[in-house]
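Visitor: Provided herewith is a single structure, encoded as structure tokens, for subsequent inquiry.
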Amino acid sequence: MKKLMAANWKMYKTQREAKETIRELISLINDNMPSEREILIFPPFTSLDVVCNEIKEIEYIHAGAQNFYPAIEGAYTGEISPKMLLDVGCEYALVGHSERRHIFLEQDDLLAKKAHFGIDSGLKIIFCVGEKLEERKAGKVEDVLKEQLKQGLKKIKDVSSPEKVLNIAYEPVWAIGTGEVAGEKEISEAHAIIRKELRSMFGTQANNIRILYGGSVKPENADSIISIDNVDGVLVGGASLSAKSFSKIIFA
Ligand code: PEP
């Protein structure tokens, strides 16, 4: 499985800025893309089309949506459907990002619907899990991660084919956008818990699921994070906004 180097641009970048960043990134990679890695960009909705157009001839870069609503179409003011995302060339989508869970109060039931509907519609899903600081301090990491996986993925039965693709991102809430990075031991333990739970849910199909780490990944720490056992990629927020810094992470 190729390592997935994912950039979450959150609510940053106009169309012009998105185009400049993706062009700069492609020129920095300059045909030297490591064959065992691939890139995924999550622009804001308004720049998805621009990014998809820039990358359509490049097989190692993919685009994803930061959010969607689990319906084909309908009276859901302000929402975007998987069908619309696939239509602009978007292949992936995030579900369960901690900012969606905590700022927009998305609950397990909605996340389960999104994960299932997204995969069924042909989107590749990155399902995010992670504990809060108080949960870590209370020794609840394993319980929290298992519960988030059990609840969020309960409607998904098949992750075995190239059309039904699930990835997990382990993103400890206390490490997102804080500059605080989980240590090697914490990452390795959490990823092992996730892998074990995925095996108990999906059997051998769990081997097809990549587990990414996210939380203050930067050029300075990407090298050691990407070499940790069971880390199949990274999900990068702040440090992915600059093409220079994200390209260093891609080459880490
Ligand atoms: C994220 O948005 O998923 C993330 C990990 O952000 P940051 O890298 O800024 O911590």
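The values are calculated or read from the model by the stated rules, or taken from the named source; none is laboratory data. Being a predicted model, the structure only gives us computed values, none of them experimental. Virtual Cβ from ideal backbone geometry, glycine too; neighbours counted across all protein chains shown. Note: accessible area is taken over every heavy atom of the protein model, side chains too, but ligands, DNA and RNA are not part of it. Shrake-Rupley method; radii C 1.70, N 1.55, O 1.52, S 1.80 Å.
Visitor: Chymotrypsin sites (Phe, Trp or Tyr not before Pro) within the range 65-99: which are DSSP loop residues with at most 14 other Cβ atoms inside 10 Å?
Guide: Hits after loop and neighbour filter: Tyr76.
Visitor: Right, here's the next one. Restricting to Cα pairs below 8 Å that are 6+ residues apart, what does the relative contact order work out to for the range 192-252? Please round to a whole percent.
Guide: For the range 192-252, the relative contact order is 33 percent.
Visitor: Then there is this: Using a 1.4 angstrom probe on the protein heavy atoms only, could you order Leu48, Leu105 from most to least accessible area?
Guide: Leu105, Leu48
Visitor: What residues qualify as long-range amide H neighbours of Ile211, i.e. H under 5 Å apart, gap of 5 or more or another chain, H built at 1.01 Å from N?
Guide: Ile168, Asp232
Visitor: Pop out the ³J(HN,Hα) list for the range 76-87 in order, Karplus 6.51 cos²θ - 1.76 cosθ + 1.60 with θ = phi - 60°, rounded to Hz; leave Gly and Pro as x.
Guide: Running phi through 6.51 cos²θ - 1.76 cosθ + 1.60 with θ = phi - 60° gives 10, 3, x, 9, 10, 9, x, 4, 5, 5, 4, 4 Hz.
Visitor: With a cut-off of 8 Å between alpha carbons and a minimum separation of six or more residues, what is the relative contact order of the range 1-94 in percent?
Guide: Computed value for the range 1-94: 28 percent relative contact order.
Visitor: Sorted by accessible area (1.4 Å probe), largest first, how do Thr14, Thr21 line up?
Guide: Result of the area sort, largest leading: Thr14, Thr21.
Visitor: Which residue, Gly78, Gly118, Gly152, tops the fluctuation ranking in a GNM of the chain built on C-alpha contacts under 10 Å?
Guide: Gly78
Visitor: Could you grab the relative contact order for the chain? Cα pairs under 8 Å, six or more apart, rounded to a whole percent.
Guide: For the chain, the relative contact order is 21 percent.
Visitor: Running a GNM on the chain with Cα contacts under 10 Å, which residue among Glu171, Glu79, Glu24 ends up with the highest mean-square fluctuation?
Guide: For the chain, modelled as a Gaussian network with Cα springs under 10 Å, the answer is Glu79.
Visitor: With +1 on each Lys and Arg Cβ and -1 on each Asp and Glu Cβ, and nothing else charged, work out how big the dipole of the range 66-170 is about its Cα centre, in Debye to the nearest 20.
Guide: 240
Visitor: Counting only residues 5 or more places away or on other chains, whose amide H sits under 5 Å from the amide H of Ala7 once H atoms are built in the peptide plane?
Guide: Amide H to amide H, under 5 Å and 5 or more residues apart or across chains, Ala7 pairs with Leu40, Ile41, Phe42, Val236.
Visitor: Using a Gaussian network model on the chain with a 10 Å cutoff between Cα atoms, which of Asn53, Asn221, Asn30 fluctuates the most?
Guide: Highest fluctuation among the options: Asn30.
Visitor: Which residues' amide hydrogens lie under 5 Å from the amide hydrogen of Ala65, considering only partners 5 or more residues apart or on another chain, with H built in the peptide plane?
Guide: Amide H to amide H, under 5 Å and 5 or more residues apart or across chains, Ala65 pairs with Tyr92, Ala93, Leu94.
Visitor: Per 0.36 nm of contour for each residue apart, how much would the distance between Glu189 and Ile228 grow if the chain were fully extended, relative to their Cα-Cα spacing?
Guide: Fully extending the segment from Glu189 to Ile228 adds 13.0 nm.
Visitor: First measure r as the distance between the Cβ atoms of Ser245 and Lys154, then evaluate 1/(1 + (r/R0)^6) with R0 = 45 Å and state the FRET efficiency to the nearest 0.05.
Guide: 0.75
Visitor: Whole-Hz ³J(HN,Hα) for each residue in the range 209-225, computed from phi via Karplus 6.51 cos²θ - 1.76 cosθ + 1.60 with θ = phi - 60°, x for glycine and proline: what do you get?
Guide: Here the 3J(HN,Hα) series is 9, 7, 10, 9, 9, x, x, 6, 6, 9, x, 6, 10, 4, 4, 6, 5 Hz.
Visitor: Got a number for carbon plus sulfur as a percent of the range 141-223's accessible area, 1.4 Å probe?
Guide: With neighbouring chains kept in place, the figure for the range 141-223 is 48 percent.
Visitor: By accessible area of protein heavy atoms, probe 1.4 Å, what ranking do Met201, Met11 get, highest first?
Guide: So the residues, ranked largest to smallest area, are Met11, Met201.
Visitor: Are there trypsin sites (Lys or Arg not before Pro) in the range 1-72 that DSSP marks as loop and that have at most 12 other Cβ atoms within 10 Å, and which are they?
Guide: Those satisfying the criteria are Lys56.
Visitor: Could you give me the ³J(HN,Hα) list for the range 23-34, computed from phi with Karplus coefficients 6.51, -1.76, 1.60 and θ = phi - 60°, whole Hz, x at Gly and Pro?
Guide: Residue by residue, the range 23-34 yields 5, 5, 4, 4, 6, 5, 6, 6, 6, 9, 4, x Hz.
Visitor: Right, here's the next one. Structure shown: which of Lys124/Lys218; Lys132/Lys164; Lys56/Lys155 lie over 27 Å apart, alpha-carbon to alpha-carbon?
Guide: Check vs 27 Å cut-off fails for Lys132/Lys164; Lys56/Lys155.
Visitor: P(r) for the chain: what percent of alpha-carbon pairs falls in each 5 Å bin, starting at zero?
Guide: Per 5 Å bin, starting at 0, the Cα pair percentages come out as 1, 6, 14, 19, 21, 18, 13, 6, 2, 0.
Visitor: Something else: So for the pair Val88, Ile58, with labels modelled 7 Å out along Cα→Cβ, what separation do we get in nm?
Guide: Computed distance between label sites Val88 and Ile58 equals 1.8 nm.
Visitor: Evaluate the distance, in nm, between pseudo-label points positioned 7 Å from the Cα of Ile103 and of Ser161 along their respective Cα→Cβ axes.
Guide: Taking the two extended label points, one gets 3.7 nm.
Visitor: Hey, another quick one. Evaluate the charge dipole of the chain about its Cα centre and quote only its size in Debye, nearest 20, assuming +1 on the Cβ of each Lys and Arg and -1 on the Cβ of each Asp and Glu.
Guide: 240
Visitor: Counting each DSSP H run of 4 or more residues in the chain as -39500 (n - 2.57), what helix-only mean residue ellipticity at 222 nm follows after dividing by all residues, to the nearest 500 deg cm²/dmol?
Guide: About -12000 deg cm²/dmol.
Visitor: Once the piece of chain linking Ala138 and Asp31 is laid out straight, how much longer is it, given 0.36 nm per residue of separation minus the C-alpha distance between them?
Guide: 33.8 nm
Visitor: Run the paramagnetic zone check for Asn221: 7 angstrom along Cα to Cβ, then residues of the range 116-154 with backbone nitrogen under 12 Å.
Guide: Counting backbone N atoms under 12 Å from the label point, the list is empty.
Visitor: Please calculate how many Å² of accessible area the range 3-250 carries per residue, with a 1.4 Å probe and no DNA, RNA or ligand atoms counted.
Guide: 46
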